[in-house]
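Here the structure is laid out as C-alpha cells; the discussion comes afterwards.
The values are calculated or read from the model by the stated rules, or taken from the named source; none is laboratory data. Only a predicted model underlies this, so the values are computations on that prediction, with no experimental measurement involved. Glycine gets a Cβ as well: all are built from the backbone with ideal geometry, and neighbour counts include every protein chain shown.
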Amino acid sequence: MSSFLKSDALIIESLRKKGYRATPQRIAVCRYALQSRDHPTAQRVYDEVRKVHPTVSLATVYKTLQILTEHGLVQELDFPGSQARFDSCMEPHINLVCLRCGSIEDMEDPAAREMVAKFAAKKEFTRTGQRLDIHGICKRCSGRGK
C-alpha cells in the first residue's frame with residue numbers, strides 16, 4: 001500500500017470517528033496540511049488543493065483546518081499583522097520566524113523537548129500544546145543585504 005493510501009485511510013478513519021464526512025476535498029486538505037512543513041496559511045492550502053480539486057471551497061478548507069486544530073493534529077500559529085499559519089509538528093520544537101520573508105522553520109532538538117517536559121513537570125502542569133518562537137532574520141534574507 002502506498003504511503004498516500006495508508007495516510008488517506010488514517011485520515012478517513014479519523015474523520016469518520018469524529019462524525020465528519022470524508023470527502024475527497026476534505027481528505028486532500030488534511031493530506032496537505034498534515035504533510036506540509038512550511039506552515040501554510042489557509043489560503044495556501046486552498047490554492048494547492050484547488051489544483052487537484054477545483055470545486056473545493058475556502059469554507060471547506062477553513063472548517064477542515066478547524067477540525068484538525070480542535071483534535072490536536074495541527075496547531076494554529078497567529079502572528080500580528082499576518083494570516084494565521086498551520087503547523088503539523090505537534091512535538092515540542094522551536095519555530096524560527098523570519099521577520100523579512102515570513103518563513104517559519106522548525107528546529108527540532110531534544111533539549112527543547114526536555115525543557116518543555118521539565119517545566120511542565122516542575123509545576124505539575126498537563127501540557128496540551130506548546131509554542132516557542134524565535135523571531136529574527138533567516139540566512140537567505142540576511143544574505144540579501146550584503
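If you go through segment 118-130 and pick out every residue that is modelled with pLDDT under 90 and out of contact with any helix residue (DSSP H, G or I) (no Cβ under 8 Å at 6 or more places or on another chain), you end up with 2.
Being at pLDDT below 90 and either over 30 Å from residue 136 (Cα atoms) or within 17 Å of the chain's Cα centre (by Cα) (or both) holds for only one residue in 73, 77, 34, 65, and it is 73.
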